[in-house]
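Engineer: I have a structure here, written as structure tokens, and I will follow up with some questions on it.
The values are calculated or read from the model by the stated rules, or taken from the named source; none is laboratory data. These numbers were taken from a predicted model, which means no experiment stands behind them. All Cβ positions, even for glycine, are placed from backbone atoms using ideal geometry, and neighbour counts span all protein chains on display.
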Amino acid sequence: EEEKVEIRCLKEELLEKVQIASRAISTKSVLPILSGIKITAAKTISLIATDLEMSIITQVNGEIVETGETVAPARLLVDILKSLPGAAVVVKVMPEQGSVNITCQNAEFDIRVLSPADFPELPQITGARTVALKLSTFSHLARQVVRAASTDEARAVLTGILLHFQDKKIKMVATDSYRLAVSEANIDSEVS
């Protein structure tokens, strides 16, 4: 049975967070559920998207009127939010119709939703270690090595960047098997 979900938040923030989550959605997926964003309203409002290789979870500031979860088509959600005026948005699941109702001032949209039961469970990360570093340091290193990473999906293992942390240093490495790029920097904290 579908749950009733109702949240209220600012259009700009919801749009920004939906666009962030949408980056995890593949345009080539054959599974319709992977084209959606799971909206969960419990203690916080969470947006979850995945292509089964990468997942993005982001939180939205807002009011939870009714708790629950649903899955809305990401592309349609982005297009609707872009068309709304800059004001408070109410997102309400209508389980009887199998849709979500989005209202903002005089605008109102109903879109079909997918079952949250069909949304894949995200793997639980165990033994995780953390490190704090400046975004500017991270992005600078990534820009220096990303050009050497492969863009050939047939060799997917070479499409990423290796991150290596040791003592108070971060090293990034990328290769396409012809070129190799390595960049490193000092960081303020050790891996914990």
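Engineer: Out of the stretch 3-22, which residues are touching a helix residue (DSSP H, G or I) at 6+ places or on another chain (Cβ under 8 Å) and surrounded by 15 or more Cβ atoms within 10 Å (Cβ to Cβ)?
Structural biologist: Once the filter is applied, which keeps residues that are touching a helix residue (DSSP H, G or I) at 6+ places or on another chain (Cβ under 8 Å) and surrounded by 15 or more Cβ atoms within 10 Å (Cβ to Cβ), the stretch 3-22 yields 11, 14, 15, 18, 19, 21, 22.
Engineer: Just one of the numbered conditions (1) crowded, with 20+ Cβ neighbours inside 10 Å; (2) of a type in the set (Val, Ile, Thr); (3) without any contact (Cβ under 8 Å) to a residue 60 or more places away in the chain is not true of residue 56; which one?
Structural biologist: The one condition residue 56 does not meet is (1).
Engineer: In this structure, is residue 25 in contact with an Asp or Glu (Cβ under 7 Å, 6 or more places away or on another chain), under 20 Å from residue 111 (Cβ atoms) and buried (at least 22 other Cβ atoms within 10 Å of the Cβ)?
Structural biologist: Answer is no for this residue.
Engineer: Out of the residues in the stretch 89-132 that are in contact with a helix residue (DSSP H, G or I) (Cβ under 7 Å, 6 or more places away or on another chain) and part of a strand (DSSP E or B), state the one that is surrounded by the most Cβ atoms within 10 Å (Cβ to Cβ).
Structural biologist: Selected residue: 89.
Engineer: Among the candidates 71, 78, which residue alone is outside any strand (DSSP E or B), under 20 Å from the mean Cα position of the chain (by Cα) and within 20 Å of residue 50 (Cβ to Cβ)?
Structural biologist: After applying the criteria, what remains is 78.
Engineer: Identify the residue in the stretch 59-79 that is closer than 19 Å to residue 113 by Cα and among the polar types (S, T, N, Q) and, among all such residues, is surrounded by the most Cβ atoms within 10 Å (Cβ to Cβ).
Structural biologist: Filtering the stretch 59-79 for residues that are closer than 19 Å to residue 113 by Cα and among the polar types (S, T, N, Q), the one surrounded by the most Cβ atoms within 10 Å (Cβ to Cβ) comes out as 70.
Engineer: While we're here: Please verify whether residue 81 is closer than 23 Å to residue 125 by Cα, touching a residue at least 60 places away in the same chain (Cβ under 8 Å) and of a type outside the set (Val, Ile, Thr), treating the condition exactly as stated.
Structural biologist: no
Engineer: Residues in the stretch 28-51 that are in contact with a Ser or Thr (Cβ under 8 Å, 6 or more places away or on another chain) and farther than 18 Å from residue 111 by Cβ: how many?
Structural biologist: Summing the residues that are in contact with a Ser or Thr (Cβ under 8 Å, 6 or more places away or on another chain) and farther than 18 Å from residue 111 by Cβ in the stretch 28-51 gives 4.
Engineer: Checking residue 87 against (1) touching a Cys at 6+ places or on another chain (Cβ under 6 Å); (2) modelled with pLDDT of 90 or more, which test does it fail?
Structural biologist: Here residue 87 meets the rest and fails (2).
Engineer: Mind checking which residues of the stretch 57-80 are closer than 13 Å to residue 22 by Cα and among the polar types (S, T, N, Q)?
Structural biologist: Passing the criteria: only 58.
Engineer: When the residues of the stretch 144-192 are narrowed to those that are of a type in the set (A, V, I, L, M) and surrounded by fewer than 12 Cβ atoms within 10 Å (Cβ to Cβ), which ends up nearest to residue 129 (Cα to Cα)?
Structural biologist: So, considering only residues that are of a type in the set (A, V, I, L, M) and surrounded by fewer than 12 Cβ atoms within 10 Å (Cβ to Cβ), the one nearest to residue 129 (Cα to Cα) is 157.
Engineer: Condition test on residue 65, is it part of a strand (DSSP E or B) and out of contact with any Phe, Trp or Tyr (no Cβ under 9 Å at 6 or more places or on another chain)?
Structural biologist: It is true that residue 65 is part of a strand (DSSP E or B) and out of contact with any Phe, Trp or Tyr (no Cβ under 9 Å at 6 or more places or on another chain).
Engineer: With the structure loaded, tell me whether residue 167 is of a type outside the set (A, V, I, L, M, F, W, C) and on the phi > 0 side of the Ramachandran plot or whether it fails that test.
Structural biologist: So residue 167 passes the test.
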